[in-house]
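The values are calculated or read from the model by the stated rules, or taken from the named source; none is laboratory data. As the structure is a computational prediction, the values presented were derived from the model and not from experiment. Neighbour counts run over all protein chains shown; Cβ positions are idealised from the backbone, glycine included. Protein only, heavy atoms only, side chains kept; ligands, DNA and RNA dropped before computing areas. Shrake-Rupley method; radii C 1.70, N 1.55, O 1.52, S 1.80 Å.
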Amino acid sequence: MVAACGMVMRQGGTRRNVRILLVGEHGVGKTSLILSLVSEEYAEEVPSKAEEITIPADVTPEQVPTHIVDYSAAEQTNDQLSEEIQKAHVICVVYSVEDEDTLDRVASYWLPLIRQCSTTNRCPVVLVGNKIDLVDYSTIEAVYPIMKEFSEIESCIECSAKTLQNISEMFYYAQKAVLHPTTPLYDYDTQELTEECKTALRRIFKICDLDNDGLLNDMELNTFQQWCFNTPLQPQVLLDVKAVLSKNIADGISEGCVTMNGFMYLQCLFIQRGRNETTWAVLRKFGYDNDLQMSKEYVNPPLKVPAGCTTELSHKGHEFLAVLFMQHDRDHDGALSPLEMDMLFSRCPSPPWGDEYRYMVTTNEKGWITFQGFMAQWAFITLTNVRKTVEYMAYLGYNMYNNECQTNAINVTREKKLDLAKKQSSRNVYSCHVIGPKSSGKTTLCRTFIDPMLEKLKPEIVPPNAHVTVNTVHVYGQEKTIVLRDINILNVQDALSPGQIQCDAAALVYDASNPKSFEYIARIFIKYFADSKIPVLIVANKSDLTEVKQEYLLQPASFCNKYKLMPPQPYSVTRTVRREIFVKLATMAAFPHMKQFGLIQGESVVWWKAGLGLAVATVAGFVVMRVLNTDKR
């Protein structure tokens with residue numbers, strides 16, 4: 001767990017350049033320090049102020065372009081000084097080791113001024129004692145009280161512009177204060193990691209704990225090392241690390257593995273020994289910026305979703321979430337208890353969903369989310385809010401598990417118009433809208449999709465705003481996820497919004513025992529779906545009751561025949577087999593070109609042809625995968 005020296009991580013919002021400002025009393029040698037660094041020799045004659053100097057990245061220790069700015073009270077106003085302080089990434093406050101008054105001015109004037117000008121974020125400071133060639137003592141002891149009072153001081157160093165002693169080190173410390181600052185990581189007063197740093201490292205530990213046993217074994221430590229530093233962990237280094245932990249902390253090692261406390265202690269040790277770059281390399285690899293927040297670039301990488309396309313989990317995304325579920329299902333009961341789910345999402349700032357999952361996806365008898373429900377919930381989020389899935393994939397650690405950006409966990413499907421042209425949809429997640437008049441039973445139909453016996457989703461339990469249910473069905477051997485959306489409309493005169501109409505398949509539900517029920521969906525169909533490319537299934541609900549003649553100019557069967565729809569599908573909550581409706585909806589969504597299923601002779605022929613098409617597509621998919629795998633070899 002050792003970083004290569006000079007390694008600069010550009011992830012997590014690391015600066016791509018460093019601006020160093022030198023301030024201090026007149027005559028302390030600010031300009032001489034800059035000129036000595038650039039010319040590598042001491043200049044006897046120096047101007048009152050050096051021009052701004054840019055040092056190319058390839059000649060700096062951290063491989064970052066560096067701008068060095070001088071300050072002169074003789075040439076600049078207080079307003080100009082304030083502006084330069086605000087622009088600086090790090091400030092070197094220079095004093096003369098032979099002049100005690102210049103050190104006093106550091107604490108009484110310069111540091112308060114820097115604080116006053118840096119109102120939003122405190123700028124890191126390096127204290128520089130110049131002219132050590134003129135004395136035979138050190139002023140570092142006198143600096144410690146100042147460092148304790150001003151936490152923004154990252155380090156202090158004594159140097160000589162005349163003898164060039166510690167000149168390059170001074171500017172390296174300044175760079176390091178920007179790229180690998182101590183203040184966000186370590187509290188000098190308590191001699192401990194900051195709470196923000198602890199929170200970040202806890203998340204990193206949990207991600208690296210691949211078997212979720214609360215310990216990092218040798219394999220997990222090596223994976224961590226390989227991911228952060230792109231080099232394996234040498235066996236002797238691993239033994240040395242464990243020896244250090246065993247010697248210095250009582251609970252650092254357990255069963256030959258590194259504990260959470262041991263992991264924290266190691267990072268604290270790196271910082272105490274001035275190896276901030278090691279801890280920062282770890283933090284930035286896991287997406288943290290200099291404020292120890294997950295950077296926007298890491299959490300929300302670019303993902304282009306063209307119009308007409310949808311988003312769903314890729315095979316890798318599905319596999320990653322499945323592994324997470326199994327890791328955290330500690331009692332292997334096929335469901336996540338509230339405690340297990342809290343543990344899973346403890347890597348995230350907050351859970352990706354609240355209690356609404358109880359009314360959306362399958363749960364067990366205790367109301368705990370099942371594996372099927374867990375994957376359905378993610379399918380729903382990915383379809384409706386893919387940015388959220390991408391964000392949470394970052395929080396959960398997809399990047400390390402698969403050594404790639406989390407956008408690879410997402411599959412952007414082809415445009416729907418291409419599906420129509422090719423007469424086949426390659427998608428696995430479909431949106432189906434359920435529309436019908438009040439009391440037609442459409443809400444009950446939706447709820448039986450996840451709770452067939454309606455044992456958990458009773459009307460008095462489900463909140464009125466719960467309009468979505470998500471589950472899977474099998475269509476000719478392939479698993480498809482269906483998002484059923486209960487479209488709530490009070491009157492047929494009310495206009496449907498585009499969002500209420502656009503879907504992959506629609507179920508128009510009427511009450512077969514109510515003579516006024518069918519007219520509602522007939523008008524809805526004619527107004528919104530007759531000329532669309534959306535497949536429609538008419539559902540005759542409450543078919544266990546006596547069917548009555550509908551008060552409409554066409555009876556349901558004749559209406560379906562006229563518009564070349566499938567005959568009305570009988571449905572009732574009292575039936576034991578109810579999933580046929582959902583399978584048909586999924587099949588219609590998968591074959592949108594066959595919207596008018598009634599055009600082909602015999603309903604069974606339609607389903608047979610659809611199944612044959614899906615089977616051919618599946619076989620073709622396997623052939624493509626074999627060819628790709630062969631090419632990789």
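Using per-residue counts of other Cβ atoms within 10 Å, averaged over each peptide, order 501-508, 37-44 from highest down.
501-508, 37-44
Packing-wise, with mean Cβ within 10 Å as the measure, how do 406-419, 436-449 rank, highest first?
Going by the mean number of other Cβ atoms within 10 Å, highest first, we get 436-449, 406-419.
For the chain, what is the calculated [θ] at 222 nm in deg cm²/dmol (nearest 500), taking -39500 (n - 2.57) for each run of four or more DSSP H residues and dividing by its residue count?
The helix contribution divided over the chain gives -11500 deg cm²/dmol.
Quick one: pull the percent of accessible area on region 436-550 belonging to carbon and sulfur, 1.4 Å probe, ligands and nucleic acids left out.
51 percent
Run the paramagnetic zone check for ASN248: 7 angstrom along Cα to Cβ, then residues of region 193-234 with backbone nitrogen under 17 Å.
193-194, 198
Say each of SER39 and LYS527 gets a label point 7 Å from the Cα, pointing the same way as Cα to Cβ; how far apart are those two points in nm?
8.6 nm
Report, to the nearest whole %, how much of the accessible area of region 260-417 belongs to carbon and sulfur atoms, 1.4 Å probe, protein only.
Exposed carbon and sulfur together represent 52 percent of the surface.
For helix 235-248, report the angle its Cα long axis makes with the longest principal axis of the Cα atoms of the chain; keep it between 0 and 90° and round to the nearest 10°.
Value to nearest ten degrees: 80.
Taking the full set of protein chains and a 1.4 angstrom probe, give the accessible area of GLU319 in square angstrom, rounded to the nearest 10.
Near enough 90 Å² of accessible area.
Along each of the three principal axes of the Cα atoms of region 167-258, give the extent in whole Å, ordering the values from largest to smallest.
46, 30, 26
Can you give me the distance in nm between label points at GLU75 and ASP101, each placed 7 Å from the Cα along the Cα-to-Cβ direction?
Each label point is offset 7 Å from its Cα along the Cβ direction, giving 2.4 nm.
Can you tell me the accessible area per residue over the chain, all protein chains present, probe 1.4 angstrom, in square angstrom?
47 Å²
I'd like the distance separating the alpha-carbon centroids of region 392-433 and region 162-198, in whole Å.
43 Å
How much accessible area does TYR357 have with a 1.4 Å probe, in Å² rounded to the nearest 10?
10 Å²
Once R0 is set to 30 Å, what does the formula 1/(1 + (r/R0)^6) return for the Cβ-Cβ distance between VAL573 and CYS309, expressed as a FRET efficiency to the nearest 0.05?
Once the sixth-power term is evaluated, E becomes 0.25.
Show me 466-474, 49-57 ranked by packing, highest mean number of other Cβ atoms within 10 Å first.
The most tightly packed comes first, giving 466-474, 49-57.
Please give the length that would be gained between SER151 and ALA322 if that part of the chain were fully extended, namely 0.36 nm times their separation in residues minus their C-alpha to C-alpha distance (nm, one decimal).
Between SER151 and ALA322, full extension yields an extra 57.1 nm.
Obtain the nm distance between the two label points defined at HIS332 and GLU169 by a simple spin-label model: each point lies 7 Å from its Cα along the Cα-to-C-beta direction.
Those two pseudo-labels are separated by 5.9 nm.
With both bridge residues required to lie in the chain, what share of the DSSP beta bridges run antiparallel, to the nearest 5%?
Details: 23 of 62 bridges.
Of all bridge pairs located within the chain, approximately 35 percent are antiparallel.
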